[in-house]
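Since the structure comes first, as structure tokens, the remarks are kept for the end.
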Amino acid sequence: MRFSYNKLWKLLIDKGLTKSALRQKVRISSSTIAKSGKEENVTTDVLLKICTVPECRIGDIMEIIP
């Protein structure tokens, strides 16, 4: 199984945000954004921080792919 953050990228487009703007608002490193772009593991703390910007739930930004 793997994580997919495609929902996050679509949400950013819908909200008119860039990855860079998200990174600055959430105050996370560029390597964390890179990890999510490669569908690697990101800590739940970071995911919760990301959810505060578009005011969404974790299920709105990621999914588990079998």
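The values are calculated or read from the model by the stated rules, or taken from the named source; none is laboratory data. Keep in mind it's a predicted model, so treat the numbers as computed, not measured. Note: ideal-geometry Cβ built from the backbone for every residue, glycine included; neighbour counts use all protein chains shown. We work out accessible area using only protein heavy atoms, side chains counted, and drop any ligands, DNA or RNA first. Shrake-Rupley method; radii C 1.70, N 1.55, O 1.52, S 1.80 Å.
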Considering only residues that are outside any helix (DSSP H, G or I) and acidic (D, E), look in region 25-60 and name the one that is surrounded by the fewest Cβ atoms within 10 Å (Cβ to Cβ).
-> E55
Which number in (1) part of a helix (DSSP H, G or I); (2) open to solvent by 50 Å² or more (accessible area, probe 1.4 Å); (3) without any contact (Cβ under 8 Å) to a residue 40 or more places away in the chain marks the one condition that L22 misses?
-> (2)
Does any residue in region 1-13 that is part of a helix (DSSP H, G or I) come within less than 8 Å, Cβ to Cβ, of a residue that is among the β-branched types (V, I, T) six or more places away or on a different chain, and which pairs are these?
-> K7/I61; L8/I50; L8/I61; L11/I61; L12/T18
Condition broken by K19, with the remaining ones in (1) within 16 Å of G59 (Cβ to Cβ); (2) under 9 Å from the mean Cα position of the chain (by Cα) satisfied = (1)
Here the residues within region 25-42 that are in contact (Cβ under 8 Å) with a residue 24 or more places away in the chain and within 15 Å of I64 (Cα to Cα) are S36, G37, E39, E40, N41, V42
